[in-house]
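As structure tokens, the structure follows; a few thoughts come after it.
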Amino acid sequence: MSYPVRIIAAAGVVLAALLGVGTAASATEGSVPAEVADYAAAPDGLIAALEDFYGVGADGKGIDFDETTTVGRVDRAFGFTPDYLAGEDTDVPVLIANEWTVPVSIADKPVGVALVWINPATVRPQLADFVQDREFAGALADLPATASIVHDQPREAWLLLEETTLTPLLGSGSTTTLAAYQRTLDTDAAPVEPGINLGSALSVATIVGVALIVVLVLLLPIVWRLRKARATVPEPSDD
């Protein structure tokens, strides 16, 4: 994700649960805190953030979030529990996550889905990511009230959970069950060899370079004084 504050949306589950108590309910399962709903609807809130981070830049690339930009219904997202992901038999396959989906349209045409979270540092709603996918945004327009939106973050999958049935909301795939989907997690979640992030590598190289310069700046005067001191020491006499 290009947004700099991109994080694991399932973090802060307890915080999100507390903030969800006594607030407006979404059309699907899960609560929507008033501050999240207000942030999504405010002109200087979600749409302004989308314009800042995903709008047309100086290079002419990006999305033109013009005056026709509108947001749809806010829905709570869920995530799979550690027990479910570990392949264990559990009665609680999902838990609420610190994440809400908001479909975004321009000129009444879906363009993608904004993901909102409550930043634990500020305890305020904030844009976490934007998934530019028209079908995903369209799928969120009319969902059953008894269903739950599930974000399988390790696989970047979005699914709709109705009782024990899982239906993909993003990308290809067919309807399956919780049990069948769980059996695929071992192969899908196979260990991945750690890669080198270019941005991180450059940052580390920069830090190391600056550190070396600082060390050299500190050591050069000391070396110079030592060399000067040695030069002023008289040679021992042969007498």
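Condition check: surrounded by fewer than 19 Cβ atoms within 10 Å (Cβ to Cβ), more than 22 Å from His151 (Cα to Cα) and among the hydrophobic types (A, V, I, L, M, F, W, C). Does Ala41 satisfy that? Criteria met by Ala41. For Gly62, the test of being modelled with pLDDT of 95 or more and under 19 Å from Trp158 (Cα atoms) is failed.
Name the residue, out of Asp108, Asp64, that is at positive phi, of a type in the set (Asp, Glu) and assigned by TED's automatic domain parsing to the domain that holds Ala40. Break it down into steps so the answer makes sense when it comes.
Values: Asp64 fails: at positive phi.
Matching residue, one of Asp108, Asp64: Asp108.
Has the stretch 115-122 got any residue that is free of Cβ contacts under 8 Å to residues at least 60 places away in the same chain and over 20 Å from Pro144 (Cα atoms)? Yes, because at least one residue in the stretch 115-122 is free of Cβ contacts under 8 Å to residues at least 60 places away in the same chain and over 20 Å from Pro144 (Cα atoms). So for the stretch 140-151 (the condition being assigned by TED's automatic domain parsing to the domain that holds Trp100, buried (at least 21 other Cβ atoms within 10 Å of the Cβ) and more than 17 Å from Ser31 (Cα to Cα)), does at least one residue qualify? No, every residue in the stretch 140-151 fails to be assigned by TED's automatic domain parsing to the domain that holds Trp100, buried (at least 21 other Cβ atoms within 10 Å of the Cβ) and more than 17 Å from Ser31 (Cα to Cα).
Ile47 meets each of the listed conditions (1) of a type outside the set (Lys, Arg); (2) crowded, with 20+ Cβ neighbours inside 10 Å; (3) within 22 Å of Gln153 (Cα to Cα); (4) at pLDDT 85 or above apart from (3). For the residues Asp142, Asp129, the requirement of being touching a residue at least 60 places away in the same chain (Cβ under 8 Å) and either of a type outside the set (Phe, Trp, Tyr) or under 19 Å from Val36 (Cβ atoms) (or both) singles out Asp129.
Select from the stretch 95-110 the residues that are surrounded by fewer than 21 Cβ atoms within 10 Å (Cβ to Cβ), aliphatic (A, V, I, L, M) and outside any loop (DSSP other than H, G, I, E, B) and list them in ascending order.
Taking the stretch 95-110 as the starting set, the residues that turn out to be surrounded by fewer than 21 Cβ atoms within 10 Å (Cβ to Cβ) are 95-96, 105-110.
Checking the rest, the ones that are also aliphatic (A, V, I, L, M) come to 95-96, 106-107.
Scanning the stretch 95-110 gives Leu95, Ile96, Ile106.
I want to confirm something. Restricting to the stretch 53-90 and keeping residues that are among the basic types (Lys, Arg) and more than 17 Å from Arg134 (Cβ to Cβ), which single residue is surrounded by the most Cβ atoms within 10 Å (Cβ to Cβ)? My answer is Arg76.
Considering only residues of the stretch 64-85 that are small (Gly, Ala, Ser) and part of a strand (DSSP E or B), which is nearest to Val36 (Cα to Cα)? Looking at the filtered set, the residue picked out is Ala77. For a quick check of your reading of the model, give me the residue pairs whose first member lies in the stretch 53-67 and is farther than 16 Å from Pro110 by Cα and without any contact (Cβ under 8 Å) to a residue 60 or more places away in the chain, whose second is in a loop (DSSP other than H, G, I, E, B) and among the small types (Gly, Ala, Ser), with beta-carbon atoms closer than 9 Å and at least 6 apart or on different chains. Pairs that qualify, where the first residue is farther than 16 Å from Pro110 by Cα and without any contact (Cβ under 8 Å) to a residue 60 or more places away in the chain and the partner is in a loop (DSSP other than H, G, I, E, B) and among the small types (Gly, Ala, Ser), are Val56/Gly62.
The values are calculated or read from the model by the stated rules, or taken from the named source; none is laboratory data. Small disclaimer: the values here were computed from a predicted structure and weren't measured. Every residue, glycine among them, receives a Cβ derived from its backbone with ideal geometry; neighbour counts consider all protein chains shown.
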